[in-house]
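The values are calculated or read from the model by the stated rules, or taken from the named source; none is laboratory data. Note that the coordinates shown come from a computational prediction; the quantities given were computed from them, not determined experimentally. When we count neighbours, we look across all protein chains shown, and the Cβ atoms used for this are built from the backbone with ideal geometry, even at glycine. These area figures cover heavy atoms from the full protein model, side chains too; ligands, DNA and RNA do not enter into them. Shrake-Rupley method; radii C 1.70, N 1.55, O 1.52, S 1.80 Å.
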2 protein chains.
Amino acid sequence: MHRAVLAVTKPPIPDPRRTLTLRDVSEASGVSEMTVSRVLRNRGDVSEATREKVLEAARSLGYVPNKIAGALASQRVNLVGVIIPSLSNMVFPEVMTGISEVLEDTGLQPVVGVTNYSPDREESVLYEMLSWRPSGVIIAGLEHTEAAQAMLAQAGIPIVEIMDIDGTPVDSAVGISHRRAGRKMAEAIIAAGYRNIAFLGTMMPYDHRARKRLEGFEEALAKAGLALVDREFYSGGSALLKGREMTEAVLTRSPQVDFLYYSNDMIGAGGLLYCLHKGIDVPGRIGLAGFNGVELLDGLPRKLATMDACRLEIGRRAAEIIAGKRPNGVVGGEVIELFPTLQKGDTIRD
Amino acid sequence: MHRAVLAVTKPPIPDPRRTLTLRDVSEASGVSEMTVSRVLRNRGDVSEATREKVLEAARSLGYVPNKIAGALASQRVNLVGVIIPSLSNMVFPEVMTGISEVLEDTGLQPVVGVTNYSPDREESVLYEMLSWRPSGVIIAGLEHTEAAQAMLAQAGIPIVEIMDIDGTPVDSAVGISHRRAGRKMAEAIIAAGYRNIAFLGTMMPYDHRARKRLEGFEEALAKAGLALVDREFYSGGSALLKGREMTEAVLTRSPQVDFLYYSNDMIGAGGLLYCLHKGIDVPGRIGLAGFNGVELLDGLPRKLATMDACRLEIGRRAAEIIAGKRPNGVVGGEVIELFPTLQKGDTIRD
DNA sequence: ACTTTGGCTGTTACCGCTAACATATCGCAT
DNA sequence: ATGCGATATGTTAGCGGTAACAGCCAAAGT
């Protein structure tokens, strides 16, 4: 009834607060909705005169196209889901930078989801994202819940698992081998003559990459007939402060320790500041190393030994895969391994 | 033609890679699409038996609802646009945490856009976001391009401008007065007896909040008959390192300086490390202060004076406004001022 | 003059889901 | 039985765009 009336008598006072549609622009400019659509998307041939007219109308009305409708009709969504564990350490923002850089001129747009290292949260974030039918998904790590794995496999879009390649990806993967990274660091430390080595790191049960680094590290120690002398874990709080506290704890408990291997640069920096403050000879009496190569370290009084995680490059490569910028083997399923370089800094003796 | 055929003969071998729709679940479970829809959204009465049947079917098929279609049909989108300048300093991630916390149990989901402090980029990010018809927008700062202002005003959804309240918001605002913050810091510094004060900060022409802090700061200096003795700006690079370098530059150029006011904690920390390294008496010979209250500072050898920017709280309050969790004055247009507290730390003498 | 061509614009039928309403079903008081 | 309310399920008509195709018309070809 209501509608029937409407169909005959146009609503005389169109609610000014109602959101605009193509029809409004179409009426304002005297062409069909289709033509307006074409103008606004720069698609198909439209005469210059019409184009001007339409753009002017759209501008003056303040029309913002409805991508929801557009996406539904065209079955195309210019969104790329990016699922990462955290934003509060320096590592993922840098990955994001790499992703954005590449996506910038592809018309694709990253949408970030944060999981706080929780597999369940990851699963639900993923579900939420997939329900918006993105053009691709970039997700940190190779470990996911079974359901998440299934969703990724079923999604029918390119999936890139990033950061880590020690495992089997669902589709494509870009990252480094954390096991190898741990191993290499251990080898360098041993080569420098340190023998009483301690590990200090996060306790988070789901930080698989830190775990793998430690595994690789211990593996290499074992091969040299060594074992960790001590270990200390933390969770939450200011990483810099934790590094300081843990270092004190370890050095008090195990005075024979001559090397401290940290699972990330931030706690490593805390440890370094502590040692310097205590007047400990670094790297003579004690050596230190972290992981990541965060920019922050450049400002420290002494450069912490670390290993670059190739974060920017990982972001770039992952985005390139999603954007289809590569020798198209339609199947996907590409694994790109990057190789971090060891930076000895000033905290491992030569 | 093609379609006519389809209408009669169901496609016999449904492409296994085609994405599933409600219809698939409906057929698999023998009820109407509408009932499936109801089950999956927990809306309306559905018998327990049917519910089970449907959920089982959906699960076994691996069905993921299409929110695009859902949003279009229901005219409801559970997304909140969050537009911020950067992710690579600690401040916005913390705001995000506050936002996520509150949104968590409202069914709303934050979607982040990053502008890199570029007004044009902000405008286009905003346009992009609005085209997805979010339920609300949280955007950093009060300064936007004219077009962006217009879009925000027209959008017909709650808008919250955050971080800053020195200006006129489009709708609601949650933040602190950076002018007042600068003023208060100056007053504390003067009260402590420092007289030869230098400013070290970012050069970014669009960091309006840093600018306002400096304005407030100088205002208070002027009131006490003082003026900045020196100033130094930077852009890009590792903030910690820049802080170190700038500090060296200033102290070399203006040896009479007895206080260094930094526009953020990160460069302040760099300056502090430099001074300690040089054996300068802090806060006796030279005092230092930053801004933000970042967690990082807890790990420093000495606590830098700073002023908390209430980031977490800002995020929370903004999200609450969007979520409608407050004495509903439908009009919106609420301004919430938060008051940062001065933390003198160990770098301003008593 | 009569097609042909190609540029420009309009028409139609959906995209996958949900609001609103219609209908069926059942138990139970009357 | 009859009617009624409450519960459970189905039907219809879009949401606001776009793909695909159809139509129109002036310039060009023969």
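Taking amide hydrogens as placed 1.01 Å from N in the peptide plane, the amide H of A:GLU232 sits under 5 Å from those of A:PHE199, A:LEU200, A:GLY201, each at least 5 positions away in sequence or on another chain. The H on the amide N of B:ILE336, modeled in the peptide plane, is under 5 Å from the matching H of B:ALA173, B:VAL174, B:GLY175, each at least 5 residues off or on a different chain. Mind running the shape call on the range B:178-309? Use the C-alpha gyration tensor, a ≥ b ≥ c as the square roots of the eigenvalues: rounded below 1.5 for a/c, prolate if a/b tops b/c, oblate otherwise. Here the range B:178-309 falls in the rounded category. Rounded to the nearest whole Hz, the Karplus-based 3J(HN,Hα) values (6.51 cos²θ - 1.76 cosθ + 1.60, θ = phi - 60°) of the range A:177-184 follow the sequence 8, 6, 4, 4, 4, x, 4, 4, with x at glycine and proline.
Taking every residue in A:289-300 and counting other chain Cβ atoms within 10 Å of its Cβ, the average works out to 4. For the pair B:LEU312 and B:SER235, label points projected 7 Å from Cα toward Cβ lie 3.4 nm apart. Taking amide H atoms as placed 1.01 Å from N in the peptide plane, the amide H of A:ILE138 lies under 5 Å from those of A:GLY81, A:VAL82, A:ILE83, A:VAL160, each 5 or more residues away in sequence or on another chain. Spin-label pair A:ARG253-B:LEU55: with each label point 7 Å from Cα along the Cα-Cβ axis, the two points sit 4.5 nm from one another. Peptide A:61-72 shows a mean partner chain C-beta count of 6 within 10 Å per residue C-beta.
For a paramagnetic label modelled on B:ALA224 (point 7 Å from Cα along Cα→Cβ), amide N atoms under 12 Å away belong, within the range B:180-198, to B:183-198. Computed from the C-beta positions of B:ASN78 and B:ALA191 and an R0 of 41 Å, the FRET efficiency is 0.25 to the nearest 0.05. Inter-part distance, the range B:38-78 to the range B:172-220, computed on C-alpha centroids, equals 53 Å.
3J(HN,Hα) along the range B:338-350: 9, 10, x, 9, 7, 10, 6, x, 10, 10, 10, 6, 6 Hz, from the Karplus curve 6.51 cos²θ - 1.76 cosθ + 1.60 with θ = phi - 60°, whole Hz, x for Gly and Pro. Considering only the Cα atoms of the range A:43-167, their convex hull presents on average a projected area of 10.1 nm².
Here the Kirkwood formula, the inverse mean of 1/r across different C-alpha pairs, assigns the protein assembly as shown a hydrodynamic radius of 28.2 Å. Take A:LEU312, move 7 Å from Cα toward the beta carbon, and the resulting point lies 3.3 nm from the same point in each other copy, nearest first. Greater than 29 Å separation of Cα atoms is the criterion. Which listed pairs, B:LYS212/B:LYS325; A:LYS278/B:LYS344; A:LYS242/A:LYS303, meet it? From the list (B:LYS212/B:LYS325; A:LYS278/B:LYS344; A:LYS242/A:LYS303), the Cα-Cα distance tops 29 Å for B:LYS212/B:LYS325. Packing-based ranking of A:257-266, A:50-59, B:240-249 yields A:257-266, B:240-249, A:50-59, ordered from highest to lowest mean Cβ neighbour count within 10 Å. Local charge for B:VAL294 was computed over the other residues whose Cβ lies under 13 Å away, with Lys and Arg +1 and Asp and Glu -1, and equals -3. Partners of A:LYS53 within straight-line reach, counting lysines whose Cα lies under 25 Å from its Cα and excluding those fewer than 8 residues away in the same chain: A:LYS10, A:LYS67. Distances, shortest first, from the label point of A:GLY167 to those at the same position in the other copies read 4.4 nm; the point lies 7 Å along Cα to C-beta. Applied to the range A:32-41, the Karplus parametrisation 6.51 cos²θ - 1.76 cosθ + 1.60 on θ = phi - 60° returns per-residue 3J(HN,Hα) values of 6, 4, 4, 5, 4, 3, 4, 4, 5, 9 Hz, with x for Gly and Pro. For A:ALA249, neighbours were defined as the other residues whose beta-carbon sits under 15 Å from its Cβ, and their charges (Lys and Arg +1, Asp and Glu -1) total +1. Taking every DSSP helix (H) stretch of at least 4 residues in chain A, weighting each as -39,500 (n - 2.57) and dividing the sum by the residue count yields a mean residue ellipticity at 222 nm of -13500 deg cm²/dmol. Rolling a 1.4 Å probe over the protein heavy atoms gives chain A an accessible area of 45 Å² per residue.
Computed from the Cβ-Cβ distance with R0 of 25 Å, the FRET efficiency linking B:THR341 to B:GLU215 stands at 0.75.
For the range A:232-301 versus the range A:96-162, the spacing of their alpha-carbon centroids is 34 Å.
A convex hull fitted around the alpha carbon atoms of chain A yields 195 Å³ per residue. Within the shell of other residues whose beta carbon sits under 12 angstrom from the beta carbon of A:ARG285, the net charge comes to 0, with Lys and Arg scored +1 and Asp and Glu -1. Per-atom-type breakdown for the protein assembly as shown gives carbon and sulfur 53% of the accessible area (1.4 Å probe, protein chains only).
Starting from the label point of B:GLY237 at 7 Å along Cα→Cβ, the same points in the other copies fall at 3.4 nm, in ascending order. Tell me whether the range A:71-138 comes out rounded, prolate or oblate; compute the Cα gyration tensor, take square roots of the eigenvalues as a ≥ b ≥ c, and use a/c under 1.5 as the rounded threshold. Because a/c hits 1.5 or more and a/b fails to exceed b/c, the range A:71-138 counts as oblate.
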